[in-house]
Amino acid sequence: MRLDHEAVGRPMKIVYSLRDELRENPQRVAQVQALTLNRQKPDMGLKGAHGLYGSDEWWQSIATGRIKTQVTTGTITELYFAGQDSRWGDEVNSFRMKLEDDSIVEDSIYPTLKSERRLFVVGAVVNVVHAFDKMKQQPRFFGSPNYLKILLEMAISLPSHDA
């Protein structure tokens, strides 16, 4: 999956790619797939209806739309610390971004390289794509379908001196 960065109108850098991460960490793929296939845990893991996580069939299901995806593009308005994870000792691990319709969305900072965290600044444009894969446990407690929101790719605009 590659985002359409030309639609943003600014030079962008891909700072996270799930495909690349899974290529580097095949054990993660194996663990997620094993949980999907484990009939002893019927309420845990992905359903696997459109291929096992990380498989060629799964990626094809994303490409063809059988697994729903959502692209979100916005401008960072605020950086902040959320949760207990301070993986690299930084206080900033999340951001709020304003979308074109003036709504505000929150997300986490997911650069593959620690050095790319510097790109996450107020005013930067972020382009994110998520997939929504069905969980085994259906429905959610309030009756709606239960999906896992999976980050596929994240890109951020480059400062003018990096372009």
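What is the dipole size for the chain, taken about its Cα centre, with +1 at each Lys and Arg Cβ and -1 at each Asp and Glu Cβ, in debye to the nearest 20? Can you show the working numbers first?
Working: 21 positive and 21 negative charges, 134 e Å.
Here the size comes out at about 640 debye.
Given labels modelled 7 Å from the Cα in the Cβ direction, how far is it in nm from residue 121 to residue 148?
3.6
In degrees between 0 and 90, to the nearest 10, how far off the longest principal axis of the chain does helix 26-37 point, with axes built from Cα atoms?
40
If Lys and Arg each add +1 and Asp and Glu each add -1, what is the summed charge of the other residues whose beta carbon sits under 11 Å from the beta carbon of residue 53? Mind showing how you got there, number by number?
On the way: positive: 28, 47; negative: 57, 133.
Combined, the nearby Lys, Arg, Asp and Glu give 0.
Longest exposed-loop-site-free stretch of the chain, with GluC sites (Glu not before Pro), DSSP loop and at most 16 other Cβ within 10 Å?
Working: sites that count: 91, 100.
No qualifying site falls inside 1-90, the longest such stretch.
Would you work out which of 48, 94, 124 lies farthest towards the positive end of the dipole of region 25-147, given +1 charges on the beta-carbon of Lys and Arg and -1 on that of Asp and Glu, about the Cα centre?
48
Which of the chymotrypsin sites (Phe, Trp or Tyr not before Pro) found in region 95-143 are in a DSSP loop and have at most 14 neighbouring Cβ atoms, other than their own, within 10 Å?
Counting only loop positions with at most 14 other Cβ atoms within 10 Å, the chymotrypsin sites (Phe, Trp or Tyr not before Pro) in region 95-143 are 141, 142.
Along its three principal axes, how long is the chain when you only count alpha carbons? Whole Å, largest extent first please.
Per principal axis, max minus min of the Cα coordinates gives 53, 33, 31 Å.
Per residue, what volume in Å³ does the convex hull of the Cα atoms of region 110-163 enclose? Working shown, then result.
Details: hull volume 6.4 nm³, N = 54.
Hull volume normalised by residue count: 118 Å³.
Could you compute the longest span of the chain free of trypsin sites (Lys or Arg not before Pro) located in DSSP loops and having at most 10 other Cβ atoms within 10 Å, not counting the site residues?
Numbers: sites that count: 39, 87.
Formally, the longest exposed-site-free interval is 88-163.
Quick one: which of 13/136; 41/134; 13/134; 41/149; 68/136; 47/149 span more than 24 angstrom between C-alpha atoms? Could you put the intermediate results ahead of the total?
Numbers: 13/136 35 Å; 41/134 15 Å; 13/134 30 Å; 41/149 20 Å; 68/136 16 Å; 47/149 13 Å.
Going by Cα-Cα distance, 13/136; 13/134 fall outside the 24 Å limit.
Pick from 51, 143, 65: which residue has the top mean-square fluctuation in a GNM of the chain where Cα pairs under 10 Å get a spring?
Evaluated over the chain, the most mobile residue of the options is 143.
What list do you get for 44, 12, 97, 135 if you sort them by fewest beta carbons within 10 Å?
44, 135, 97, 12
Throughout, read-outs are computed from the coordinates displayed, never taken from laboratory work. The structure displayed is predicted, hence computed values, not measured ones. Positions of Cβ are generated from backbone atoms using ideal geometry, with glycine treated the same way; all protein chains shown enter the neighbour counts.
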